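S.K.: Sharing a structure here in structure tokens format.
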Amino acid sequence: QGEAKKALEVLRKPAVPIDLQYKFAPDLITLDAYETVEFWMASNNLNPRKLIPAMMRYSSEPHAKNETHEVIKYLEFCVHHLHNEDPGIHNLLLSLYAKQEDDSSLLRFLQCKFGKGQENGPDFFYDPKYALRLCLKEKRMRACVHIYSMMSMHEEAVALALQIDPELAMAEADKVEDDEDLRKKLWLMVAKHVIEQEKGTKRENIRKAIAFLKETDGLLKIEDILPFFPDFALIDDFKEAICSSLDDYNKQIEQLKQEMNDATHGADNIRNDISALAQRYVVIDRDEDCGVCRRKILAIGGDYRMASGYTAVGSMAPFYVFPCGHAFHSHCLIAHVTRCTNESQLRSQLDDAVASECPFCCELMIREISLPFIMPEEAQQVASWEIKPQNLGNQRSFSLP
């Protein structure tokens, strides 16, 4: 009978199943959109996704320009007050914004970060590809620039922004901070567009294009944009920019010279240190004691055996002497250090030194190629292999046919 208010009063009764609200939603919003939406907003048990068919039916009908769009009001309530995260709700609201003559609401919606309150949550819940297709269809170019940028398609964003507003293109080019090459490429796109817009023989136009360099904060030089100027431009028009660029290069050259001088002094100091190290020595007193066992360093008894890999000097066992003056037998120092070191730390260092590569497949095997078969310390064993000549005077020799 067309009495929407009475029908809504019936639906408010607790005994009425909630499915009836979804069933009659398309008819109710067509009869009285304001009362229906107010009823939806007052209900706390409705699923907005199930109301999408009714809202789409209402949105497909023509409405007056100054009429409050009740579906947009309800969708904004779902998004901002109920914090609804359903992509269908967000996509529908975005599509209704895109059809409005004023794109301010659309731009605010695209720039709003709906998931910012969540840890590692998304910034938006609508489909960006759907949003891009929709905005291109509705010719909402500023919104398309924002979506391109949001999808990290910065070249497309700058190219489209240049068709709308060069200031917008500059703002988009400045958004790229972590990729210097891409940022320079974007600014070159803007520079080329600005220079082409200022084409002509008038000197003020050329100077206006050159003044663009100052807006790049030193990212672009005059030599970067010279190819974009016409061939008939006078060199006098570029005098100031060229002098400024030459001054910058001169400063860089002076800085490089200073760095080269510092590097040269550093290399000289290192060579002097290496030469001094070759001349360093330590005098060991004949009564010098080992810091661990307190026995004499230079006069050691036979009960000390040298570890493999150490070379004895006469009857002395191998030892270490430090610049501070302390001296230690090699085996005493090894025992002391391993006792004072954490076992897990020691095992980690041993693993790094011993088990970093396979000894049969890595460089160690290649280096072993250059080692002699007989080591110098094996001279005594080599002598035992020598074949000594025998007395052959009493032996006969026979010739064999």
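S.K.: If one computes P(r) from the Cα atoms of segment 131-195, what percent of pairs lie at distances over 15 Å?
M.R.: Cα-Cα pairs of segment 131-195 separated by over 15 Å account for 45 percent.
S.K.: Here's a follow-up. Any chance you could list P(r) for segment 1-203, counting all Cα-Cα pairs in 5 angstrom bins from zero, rounded to whole %?
M.R.: Calculated P(r), rounded to whole percents: 1, 6, 13, 14, 14, 12, 10, 8, 6, 4, 4, 2, 2, 1, 0, 0, 0.
S.K.: Hey, can you rank 260-270, 79-89, 49-59 by average C-beta count inside 10 Å, highest first?
M.R.: Ranking the peptides 260-270, 79-89, 49-59 by packing returns 49-59, 79-89, 260-270.
S.K.: Using only the Cα atoms of segment 245-284, what do you get for the radius of gyration and for Dmax, in Å?
M.R.: 18.1, 65
S.K.: Related question: How many nm is it between the label spots at M151 and V16, if each spot is 7 Å from the Cα in line with the beta carbon?
M.R.: Taking the two extended label points, one gets 4.4 nm.
S.K.: Kindly provide the pair-distance distribution of segment 324-370 built from C-alpha pairs, with 5 Å bins from 0 and whole-percent values in order of increasing distance.
M.R.: Calculated P(r), rounded to whole percents: 5, 17, 15, 16, 13, 16, 12, 5, 0.
S.K.: While we're on this one: Below 15 angstrom from the Cβ of N45, what's the summed charge of the other residues (Lys, Arg +1; Asp, Glu -1)? Could the numbers behind the result be given before it?
M.R.: Numbers: positive: R12, K13, R49, K50; negative: D19.
Residues near N45 contribute +3 overall.
S.K.: How far, in nm, would the chain grow between V337 and F322 when pulled straight, counting 0.36 nm per residue and subtracting the alpha carbon separation?
M.R.: So the extension gain works out to 3.9 nm.
S.K.: With r as the distance between the Cβ atoms of L256 and E377 and R0 = 56 Å, compute the FRET efficiency 1/(1 + (r/R0)^6) and round to 0.05.
M.R.: Working from the Cβ atoms, E equals 0.55.
S.K.: If you don't mind, there's one more thing I want to ask. If you stretched the chain out fully between K296 and S43, how much longer would it get, using 0.36 nm times the residue separation minus the C-alpha to C-alpha distance?
M.R.: Gain on extension, K296 to S43, equals 81.5 nm.
S.K.: Kirkwood hydrodynamic radius, computed over distinct alpha-carbon pairs, for segment 1-54: how many Å, to one decimal?
M.R.: Details: mean 1/r = 0.0899 Å⁻¹.
Here the Kirkwood hydrodynamic radius works out to 11.1 Å.
S.K.: Here's something else I'd like to know. What accessible surface, in Å², does a 1.4 Å probe find on E138, ignoring ligands, DNA and RNA and rounding to the nearest 10?
M.R.: 60
S.K.: Here's something else I'd like to know. What's the FRET efficiency of Y130 with L246 using the Cβ-Cβ distance as r and R₀ = 51 Å, to the nearest 0.05?
M.R.: 0.45
The values are calculated or read from the model by the stated rules, or taken from the named source; none is laboratory data. As the structure is a prediction and not an experimental result, all values here were calculated from the model. As a convention, Cβ positions derive from the backbone with ideal geometry for all residues, glycine included, and neighbour counts pool all protein chains shown. Keep in mind that these areas ignore ligands, DNA and RNA; they rest on the heavy atoms of the full protein, side chains included. Shrake-Rupley method; radii C 1.70, N 1.55, O 1.52, S 1.80 Å.
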